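To start, the structure itself, in structure tokens.
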Amino acid sequence: MKTRRLVAGGCAGLLLACTGDSPVGPAIAGCEYVAADALELPPPTTLLAARRQRLASSIENGVAVFASGSANPDPQNEGLRGDSNLFYLAGLDVQGSWLVLLVRNGQVDSTLLFLPAITPAEGVPAQQVTGASRVRCTSNFSETLQRLLSSDLPLYLHQENAAAQDPAVQAVRSSMGATTLELRDALTALRMVKDSAEIARLRQAADITARSIAGAVHVIAPGRGEADVASAIGSGFRELGATGPSFPSIIASGRNALTLHYNTNQRSFAGDELVLIDVGAEYARYAGDVTRTFPVNGRFSARQRELYELVLGALQAATAAVRPGVTMLQLDGVARDYFANHSGSRCGTQSCAVYFGHSLTHSLGLNVHDPASYHTPLQPGAVITVEPGLYLADEGIGIRIEDDVLVTANGHEVLSSAVPTTVAEIEALGAARSGGTAAQFPSGSGILNHVP
Ligand SMILES: [Mn+2]
């Protein structure tokens, strides 16, 4: 499960502790350290600085403020973690921390990080891992923000970030009469284009996810059930180096596949049905999200096969259309057109498109549903899912196939190809199962050691 740690405590309100004169407990040297376990493969500081500078270019002049917030208990959203935008810009996740960017003439003038105190023996220098120009105590935040805003610079906030609702920020805002501007669109534009460190992490997350599914197929058999597959997926994530799941695993057999976010995972399999596996490994905070649909007995029935091949055709058509310049809305249209033009009589007199009841794609990144605009032309570095599906309630059949796809300079690269999609490959995998006894995870490409 998640190994997310949020560093509790700190020097907020305890100025003595921040200056190293704490009368009780171990000596606390200050707030310039961050606990090693708050850092998960921190990105190079050059890239963090480049992200901050790209944001500064869209701000021009102002003070941008981010709060880590406290642990968010909703695993569909953020999981037990702080704010993704703060992590994106500073590379760390420490509960009770703040990041303040002072921007002048489109340039980052200062990067200020405010952290709770820990003992230095537990930590590494925060300046070293974040490239911040100054690191101070959380307790200094309000006073510093007040000083920065006294020069009439506007305050930039993201409405969904904890900073926007924080009482300390609200108090400074009203006392200074600061103009408040919205960072949401600027951050969405930035985060839609991944840099090299992000792509390396997403590549790992997708590959671990795909290999975990390929390995877990071995435990699918009549008499076994959703819980066996869920357990095998968890083993795959651990063995292959994931830092946890990026969302609760969906192991949906038979009619359960009609429920998009089903995750009870307790039903036993019947031999003639399908099982839909929609899971995501997380690697260094980046999310994988891959779906495959397998016949429990190893072979598709004629009806399952004709529907599966239609979904596969939509996947292939939409994936082929992924390239710089296309929008996510257009890709969604490609899949719907495919269903409209290739359904034949599979869904009676109407197109099977009416049974495709969700969006084709979403952006992947620090969040499983990363910030994105459906109307913005994709650029190289975007990472999206392509996930057509068909859900026929009358027949109790739900089929979805989902890949993670990187937009490259010339087209695209499928990051989740370690688990196959075609009928022949799926049935070959079914025939090669270990008799439903144990998962067998395929070895990877060895990139685990080469993530910057
Ligand atoms: Mn998805």
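In this structure the amide hydrogen of Arg136, modeled in the peptide plane, comes within under 5 Å of the amide hydrogens of Leu113, Phe114, Leu115, none closer than 5 places in sequence on its chain.
Remind me, relative contact order of segment 15-191 in percent, using alpha carbon pairs under 8 angstrom and six or more residues apart? Each step should come with its number before you reach the end.
Working: 357 pairs, mean separation 46.3, N = 177.
Relative contact order comes out at 26 percent.
Over segment 124-215, the pair-distance histogram of Cα-Cα distances with 5 Å bins from zero comes to 2, 10, 13, 14, 17, 15, 10, 7, 5, 4, 2, 1 percent, rounded to whole numbers.
For Ala230, neighbours were defined as the other residues whose beta-carbon sits under 12 Å from its Cβ, and their charges (Lys and Arg +1, Asp and Glu -1) total -1. Of the beta bridges in segment 15-191, as assigned by DSSP with both residues counted there, near 65 percent are antiparallel.
Residues whose amide H falls under 5 Å from that of Gly365, counting only those 5 or more places apart or on a different chain, are Ala287, Asp370, with hydrogens built in the peptide plane. Counting Lys +1, Arg +1, Asp -1, Glu -1, what net charge surrounds Ile251 among other residues with beta carbon under 9 Å of its beta carbon? Computed value for this residue: -2. Size of the chain: Rg and Dmax of its alpha carbons, in Å, are 24.1, 80.
Net length available on complete extension from Thr119 to Gln440 is 111.2 nm, with 0.36 nm assigned per residue and the Cα-Cα distance removed. By the Cα gyration tensor, segment 196-450 has an equivalent ellipsoid whose semi-axes, rounded to whole angstrom, run 26, 24, 14 from largest to smallest. Amide H to amide H distances under 5 Å link Arg433 with no residue, where only residues 5 or more positions off or on other chains count and H is placed in the peptide plane. Figure legend: label point modelled 7 angstrom from the Cα of Ser359 along Cα→Cβ; residues of segment 326-343 with amide N under 17 Å from it are 326-336. The phi torsions of segment 372-377, fed into the Karplus equation with coefficients 6.51, -1.76 and 1.60 and a -60° offset, translate into couplings of 6, 10, 5, 10, 8, x Hz, rounded to whole numbers, with Gly and Pro shown as x. In this simple spin-label model, placing a label point 7 Å from the Cα along the Cα-to-Cβ direction at both Leu41 and Arg303 gives a separation of 4.4 nm.
If Lys and Arg each add +1 and Asp and Glu each add -1, what is the summed charge of the other residues whose beta carbon sits under 11 Å from the beta carbon of Phe356? It works out to a net charge of 0. Only alpha carbons enter this Debye calculation for segment 15-191, each as an equal point scatterer, and the log10 of I(q)/I(0) it gives at q = 0.09, 0.10, 0.12, 0.14 Å⁻¹ is -0.29, -0.37, -0.53, -0.73.
Rule-based calculations on the coordinates, nothing more; no lab input. Bear in mind the structure is a predicted one, so any value in this text is a computation, not a measurement. In this analysis, Cβ positions are derived from the backbone assuming ideal geometry, glycine residues included, and neighbour counts consider all displayed protein chains.
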